[in-house]
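Visitor: One structure follows; several queries about it will come next.
The values are calculated or read from the model by the stated rules, or taken from the named source; none is laboratory data. Everything quoted here is computed from the prediction, not taken from an experiment. No Cβ is skipped: glycine too gets one built from the backbone with ideal geometry, and neighbour counts run over all protein chains shown.
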Amino acid sequence: MTAAAKTTKNRLTVKQWAEAEALWESGAVTYEDLMTKFGLAQSSFERHFKKKGIVKGAKAAAIKAKVDEKLAVAAIDEATIIAARIKETKEQHYTMSANLSKLAYSEILQAKKDGQPVAVAMNNLKALDKAMDVLAKARTERYAILGLDRPDAVNPDELPELVISELTAEQIEEMRKRDEADLDELPAGANQSVVQPDEEDIDEGEDDDPDAVVEES
């Protein structure tokens, strides 16, 4: 009995047929692939697929969409993890750097408190300096792994927006009134050095002369 005859006597379970159908609809296999995997002749698959109305590659687009969706979710999850690690790295190195700086400053203050030259604390300061070097190397390594050493590491969307606008005449007048109100609320004698010009000396629409000299009485 030939190998081809043996394959025709094989029977597939419901689960195996479902797997064969899914593979055929995905468009990722050939008849030879199915014959090798399940041990049936090509004609068996052809009859079965025709009877079930199963077309090769019919679900390829839907499968690709699901794969793309899973990849997108995985990318978001990875980005979330990296963002958390970046935040943790910055906070840790800020704390460690701040603590080392405090220790170094404490050594200097202690020397002054004891009435001794700073040189007496030089050994401890050198040790702290070495610790800062080690910390800097560790930070450089972690920054490189997280991609923080790249020029584009700073996200422009996270930077605060600086808005510069010109003040209107109404806004300027409102600020002037508020300043005058603040002066009126000062304790008695606190604003004696402020010379208030007469109303007749003020020309509306013109700026005060910046070179004018005000003489105190």
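Visitor: Of the conditions (1) farther than 30 Å from A136 by Cβ; (2) touching a residue at least 24 places away in the same chain (Cβ under 8 Å); (3) in a helix (DSSP H, G or I), A72 satisfies every one except a single condition; which number is it?
Guide: (2)
Visitor: Please indicate, with yes or no, whether at least one residue in the stretch 5-18 is at pLDDT 90 or above, assigned to a helix (DSSP H, G or I) and either touching a Leu at 6+ places or on another chain (Cβ under 7 Å) or closer than 17 Å to A60 by Cα (or both).
Guide: Checked against the condition, which is being at pLDDT 90 or above, assigned to a helix (DSSP H, G or I) and either touching a Leu at 6+ places or on another chain (Cβ under 7 Å) or closer than 17 Å to A60 by Cα (or both), the stretch 5-18 yields at least one hit.
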